[in-house]
Structures are given as C-alpha cells and as structure tokens.
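Below is one structure, written out as structure tokens; the observations come after it.
The values are calculated or read from the model by the stated rules, or taken from the named source; none is laboratory data. As the structure is a prediction and not an experimental result, all values here were calculated from the model. Cβ placement follows ideal geometry from the backbone for every residue including glycine, while neighbour counts extend to all protein chains displayed.
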Amino acid sequence: MKPFPNTKHTFSRLFEMNQGMFYSKLLHEAIVLGIFNHLEQETTSPEVARSLETHPGNTEYFMDGLVSIGLVEKNGGKYQNAGISQEYLVKGSETYLGDYLLYHDQWNTPLLENMGQVLRDGPPDQVKGADDEAIWAQGASAMANFQRACTGPFLSGIVSDLPESGSFRRMLDLGGGPGLNALAILTGHPGMGGILFDRPAVVRVAREYIQEYNMEQRLEVMEGDFRTDSLGDGYDLVLASACLNFAKEEMVPMVKKIYNALNPGGVFVSIHDGLTHGRTRPESIAISWLPVSMMWQNLGLDRGVIAGAMAKAGFRTVSSRTVSYGFGAMDLDIGRKE
C-alpha cells in the first residue's frame, strides 16, 4: 500500500501569499473610487452604488471584501469605515494617506508587471522618474500627510527627548521633502529655527506647507544636491530622515560633511533602514526596496552603516536603536559632536 506524504509545514502561509494581491487591489481600487468618503456614516451598499455609479451587486461584494480585510465594518447590512480607514483614507483630511499609498504602487507596478523579464534580462536601460523633477515633486506632495500624521510628531518627540534640545537654536532638515517633519519639530520647539535642504522641485512643494503653517520666518529653504553642494554651517541639530541612501557609496565623506556643518556640541539624528540577515530583514523594509533594486539600483542600507560612518567622521559618541517609523522598523542613530 502506497503511503501518503507526511508534510512538515502548513500550506496556509503559501495560500495567504497567493491571495495577497486581493488585499492591495481592493485597497487601491477603493482609494481611487474615493469609497471611504461615502462611509464616514453608516450606509447601505445600494446607496454607495448610486453615489459611485457602480454595479449594485458587485458593489456589495466589493464592500464585503473591504470588510474581510479590516478596512470597513458591517453591521446589520450597513457599512461604515473602520477606524484605520477613517483616519487615513478619507480624501481631504490632513491625515489622508491614500495618495501616498498610490504613489508607492506607481513605483511597484513596473516590476510587478514585468518581473519575469526583469529577472531574465536585468534592469531596463533607463527608469523614468529616477531623475525626473516632476516625479520628485509628485512624491513630495504624496508624502506630505505621511510626515504630518506619522513621522513629524514622532521626530518632534525624538528631538524633545535629547538632553541638549533646550539649547538648540538652528537645525538642518537634510533631504527634508515637503517639510512637515521640520515644521512639526519647530512647532514643538519654539526657540528653534532652521533650514530645509532638498531638490528644487521638492523645495517648491515645501514652500507651500511652510506658508500654510505661517513659518516663513523660522524655516528657510535651500535648493541643491546635498551630496555635492554646501550644506551651510552653524547648526545645533542636523536631521536626516530616509535620505542618505542616495549617498550610500560615499557615506563616510557625507557624514563628515554633516559633522563639519554642526556647531561644537551639535547633534546629528539619522533615521534610516537598517537591513539585517543578508538584507532580508526587517521584512517590510526589505520587500519595499525590491522594485528599486531590481529596476534601478540597490539603495538599501545595512544596519550599522551610518553609525559606523558617524564614528569614522569624528562624532564623540554614537548611540543606536531600532524604532517603529510609520511603515516599519528603522534604525535611529544619534551622533554627538565634541
């Protein structure tokens, strides 16, 4: 009699991976439709279908799918946003992150649609958007509410916890994007002013938010390429948030440049990915780098790269820890100048 196989692993994990595309597809389609703006109060699927001009039966199935993945709640045949959707997926709110998610999907799609070819032939000769100022501006706009709702308040708290924070008068937000990180820090520290440094197209976006918060007198902007251009000097605090990946090949000179821009006793705060286990962990960060790595270049940073550069650049003390930063585990490295 032929024996049956004795398996050692459960199949469910593979099946979950196979179904994973439904999670992202339901999420993205719901964002594009703006369905969460129709679910701030309890409503029925026929009412949503009339508002969206969609097929009534399939609208109900679609909304049940959103319930299944935890984005919508269903009670007695009526639907309403789950808390996470109400907070992050209602268009027009200051915490709306739908455009941020769609922007990331825009970068992922070329690889997902052509993975077999890219795997066989290597990356394409040129990736549109890598140096396109319009794409950088789009990314800055998409990232604004992510900074406003997630990373800005977090970073403001990090700065407040620094023993030196009371003496800070001038900060540099390096590669600061739309500027909400710097604005959150300055809002929490009234005695501080600063400069945001980024590409010209990104700086134009940042100016809009600086005006929105009436911070023109406290947060200036500087345009350029931080790898090659002067950063200025006289800073008590330099912040680099998820931007030094672009200086990966010249990390020690880049960090030395930051060191030289700081006043004596100044502090450099870096928050970046710190890949471990052969660049396969943390899972969320490692997977997020996959499209960039396969389609363009490897920009992921191994754990300890920035902390090691701080030590080589001359920082008196360097401390490191892992923190939860909006979308996954990131490394927080803090260097203090003599």
Task: Total residues in segment 73-105, condition crowded, with 21+ Cβ neighbours inside 10 Å and charged (D, E, K, R) - done: 0
Open item on the list: Given the criterion over 28 Å from ASP105 (Cα atoms) and in contact (Cβ under 8 Å) with a residue 24 or more places away in the chain, identify the matching residue among GLY65, GLY34, GLY77.
Closed with: GLY77
TODO: Determine if segment 264-285 includes at least one residue that is over 30 Å from LEU112 (Cβ atoms) and among the aliphatic types (A, V, I, L, M).
DONE: yes
- [ ] List every residue pair whose Cβ atoms sit under 8 Å apart, with the two residues 6 or more apart in sequence or on different chains, where the first one lies in segment 304-322 and is on the phi < 0 side of the Ramachandran plot and in the same structural domain as MET251 (by TED's automatic domain parsing) and the second, anywhere, is of a type in the set (S, T, N, Q) and modelled with pLDDT of 95 or more.
- [x] ILE306/SER270; ALA307/SER320; MET310/SER270
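Take residues that are under 16 Å from the mean Cα position of the chain (by Cα) and of a type in the set (Gly, Ala, Ser) and tell me which of the helices (runs of 4 or more DSSP H) falling wholly in segment 253-338 contain 1 or more. Let's see the steps before the verdict.
Values: elements: 283-288, 290-295, 305-313.
The qualifying helices (runs of 4 or more DSSP H) are 283-288.
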Open item on the list: Considering only residues that are assigned to a strand (DSSP E or B), free of Cβ contacts under 8 Å to residues at least 40 places away in the same chain and under 17 Å from LEU299 (Cα atoms), which ones fall in segment 222-252?
Closed with: none
TODO: Answer yes or no as to whether GLY70 is in a loop (DSSP other than H, G, I, E, B), surrounded by fewer than 16 Cβ atoms within 10 Å (Cβ to Cβ) and not acidic (Asp, Glu).
DONE: yes
Open item on the list: Just checking, does segment 40-52 include any residue being assigned to a loop (DSSP other than H, G, I, E, B) and within 25 Å of PHE146 (Cβ to Cβ)?
Closed with: yes
Task: Scan of segment 226-247 for residues that are farther than 20 Å from PRO264 by Cβ and surrounded by 13 or more Cβ atoms within 10 Å (Cβ to Cβ), ordered by number - done: PHE226, ARG227, SER241, ALA242, CYS243, LEU244, ASN245, PHE246, ALA247
Open item on the list: in contact (Cβ under 8 Å) with a residue 24 or more places away in the chain and surrounded by fewer than 19 Cβ atoms within 10 Å (Cβ to Cβ): is that true of GLY274 in this structure?
Closed with: no
TODO: Say whether the condition of being farther than 19 Å from SER288 by Cα and buried (at least 19 other Cβ atoms within 10 Å of the Cβ) is met by at least one residue in segment 118-131.
DONE: no
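Considering each residue of segment 259-273, count those that are closer than 15 Å to GLY194 by Cα and among the small types (Gly, Ala, Ser), and give that number. If you could, list the steps in order and put the result at the bottom.
So in segment 259-273, the residues closer than 15 Å to GLY194 by Cα come out as 261-263, 266-269.
Next, only the ones that are among the small types (Gly, Ala, Ser) stay: 261, 266.
Adding up the residues that qualify gives 2.
Within segment 80-130, which residues are of a type in the set (A, V, I, L, M) and either closer than 23 Å to MET63 by Cα or assigned to a helix (DSSP H, G or I) (or both)? Steps first, answer last, please.
Within segment 80-130, the first condition is being of a type in the set (A, V, I, L, M), and the residues that meet it are 82, 84, 89-90, 97, 101-102, 111-112, 115, 118-119, 127, 130.
Matches in segment 80-130: ALA82, ILE84, LEU89, VAL90, LEU97, LEU101, LEU102, LEU111, LEU112, MET115, VAL118, LEU119.
Could you go through segment 14-34 and let me know if any residue there is in a loop (DSSP other than H, G, I, E, B) and within 14 Å of LYS78 (Cβ to Cβ).
As a first pass, look at segment 14-34 and keep what is in a loop (DSSP other than H, G, I, E, B): 34.
Keeping just the survivors that are within 14 Å of LYS78 (Cβ to Cβ) gives none.
No: segment 14-34 contains no residue that is in a loop (DSSP other than H, G, I, E, B) and within 14 Å of LYS78 (Cβ to Cβ).
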